[in-house]
Amino acid sequence: MQTNACIFLVILGLSGLSLTVSQQQQYKQIYELPEHLKEMACQEDDPAINECIRKGLQYGIDSLKTGEPGANIPVMDPFHINKVSYQFSNDFVKGKVSLRNIKIEGISNIKLKKVDYSRKGNRLRTIVDMDIPRITAEGNHKADVLINNVKISSKGSFAVTLTNVVGKLTLHSEAYERDGHEYAHPRKITFEPDVGDMKLKADGLLPEPALNDAIVDFINENWRQFYKILFTEAQSTWEPALITLVDDYSAYIPLDILIVKKS
């Protein structure tokens, strides 16, 4: 039972955190903020620039419910993903997993507590402390994995709820010039989450409903034992994907219209 539970947590973690790869957006080039957003721009020499940036980022997160075309913010809460596939191989398990018809909700409820922004020459660092009250993901899963040459298959539906997540995100960027404007290119992103609780509902892990429910109960009771290993394993997958997403967004909106330089 413990082995099957580990498999499913690995499947959820490695595949779920790979969802970022599929969230490519088509952005339009923006050279100035629309009138109703100009007050969101921050002044580089403002002693309260950290709070100004926090408010701007919070506005962007809040806007994920409805979108904000003037700042290239798409509707992403909830957002839907048709299919994500992931192949993996390590000392513990190897195989392929597919997730379909995924719906994720709760991103727009993220609350930013504090921002620490600093700049030295062209090097930028932004640290964001946040609370994530509740994130849910649901969809369908299908997996074929091998453990010591023993094949284990699963197919069914799942729903995962994470609550009371406290996180710290650190973004290192490099400023560069293009077409008369300054842009920011992300170089490194780290995210340190502390999950308060996780609850899983799933079927199809095993054909027998009683054993399936026993595995789900085992996961819900012992998920913290696997969390550190799972997060470390998945980090190398989602951090590069997140850098790509941030870079795609940053390439279409200049840094110098968001943080205005001293004249």
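Pull up the cross-link candidates among the aspartates and glutamates for K188, meaning alpha carbon to alpha carbon under 12 Å and not fewer than 8 places away within one chain.
Leaving aside aspartates and glutamates fewer than 8 places away in the same chain, those within reach of K188 are E174, E239, D247.
Under 17 Å between alpha carbons, and skipping anything fewer than 8 positions from K96 in its own chain: which aspartates and glutamates qualify?
Filter leaves D144, E233.
What is the calculated FRET efficiency for Y252 to S85, with r their C-beta to C-beta distance and R₀ = 25 Å, to the nearest 0.05? All intermediate terms of the calculation are to be shown ahead of the outcome.
Values: r = 28 Å, r/R0 = 1.13.
Efficiency for this residue pair is about 0.30.
Regarding segment 126-263, what whole-number volume in Å³ per residue does the convex hull of its Cα atoms give? The partial results should precede the final answer.
On the way: hull volume 20.9 nm³, N = 138.
Convex hull volume per residue, Cα atoms: 151 Å³.
Could you please report the charge total around K201, scoring K, R as +1 and D, E as -1 over all other residues with beta-carbon less than 12 angstrom from its beta-carbon?
Working: positive: K199; negative: E138, D203, D213, D217.
Every neighbour counted, the sum reads -3.
Over all directions, what mean area does the Cα convex hull of segment 22-148 project, stated in square nanometres? Before the final figure, lay out each step's value.
Values: hull surface 45.1 nm².
Its Cα hull, projected and averaged over all orientations, spans 11.3 nm².
In whole percent, how big is the carbon plus sulfur part of the accessible area of segment 124-191, probe 1.4 Å, protein atoms only?
On the way: 1790 of 3440 Å².
C and S atoms contribute 52 percent here.
What's the extension gain from K188 to I107 if we count 0.36 nm per residue and subtract their Cα-Cα distance? Before the final figure, lay out each step's value.
Values: separation 81, 0.36 × 81 = 29.16 nm, distance 2.18 nm.
My answer for the length gained is 27.0 nm.
The values are calculated or read from the model by the stated rules, or taken from the named source; none is laboratory data. Just so it is clear, the structure is predicted and the values come from calculations on it, not from any experiment. Cβ: placed from backbone, ideal geometry, glycine included. Neighbour counts: every protein chain shown. The protein model used for the area step is the full one, side chains on, heavy atoms only, and it has no ligands, DNA or RNA in it. Shrake-Rupley method; radii C 1.70, N 1.55, O 1.52, S 1.80 Å.
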